[in-house]
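Any read-out appearing in this document is the output of simple, stated calculations on the displayed coordinates, not a laboratory observation. On a predicted model such as this, the values are computed, not experimentally measured, just so you know. Cβ placement follows ideal geometry from the backbone for every residue including glycine, while neighbour counts extend to all protein chains displayed.
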C-alpha cells in the first residue's frame, strides 16, 4: 500500500528557468530598441534631404514658370486711362543654404528682396556642398555656387542631392559617382 500523504506535486518553473527567459527578453528588447533608434535616425536624415530637394524643385519651378512676385513689378513712367503700366524685372529665384537656414528669394534686377520661403535645417544635421543656386527664368541655365552636390549628414548617415547647371536635380542615398552634368 502506498502512502500519498508525502507526495508533493509542484507545478511551475524553477528560478533558473525564469532568469533565462527574462535574460532573453532583455537582450532581444535591447537589440530591438537599438535598431529602432537607427531606423529613426536614418529617416530623419532622409526627411531633411527630401525637404532640401523639394525646396530646390520649388525654386526651380517658380523660375521656369516665370512666376512673378509683386515686389518685382515697377510702374512704367507712362500712364494710361486704366492706370500706370507695370513691367516685370524678375531675373530668377535664388535658393540659399547658410547658417542652418534654407531660403528662396526672388531676384529682381539685382535688388535684394525678402525671402518667400524660409525653413530651418534640423539640429544635428550637417549640410555641405552647394551654398546657393540661382535659377534663371524661362529654362535658362542655372548658376551654382559651391560645387554641384549637397551632402546631408548626421549620425553617420548621408544623403546626396546633385544640381546640374542644366537644371537637373537628383536625389541619391548612395555616394554620387562624379560624372559631368549633362
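Here are the numbers:
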item	result
Paramagnetic label zone (point 7 Å from Cα along Cα-to-C-beta, residue 66; backbone N under 19 Å) in region 94-136	94, 106-110, 135-136
FRET efficiency estimate (nearest 0.05) - Cβ-Cβ, residue 175 to residue 29, R0 35 angstrom	0.55
Theoretical gain in end-to-end length, residue 57 to residue 36 [0.36 nm per residue, Cα-Cα removed]	4.5 nm
Gain in span if fully extended, residue 143 to residue 19, counting 0.36 nm per residue against the direct Cα distance	38.1 nm
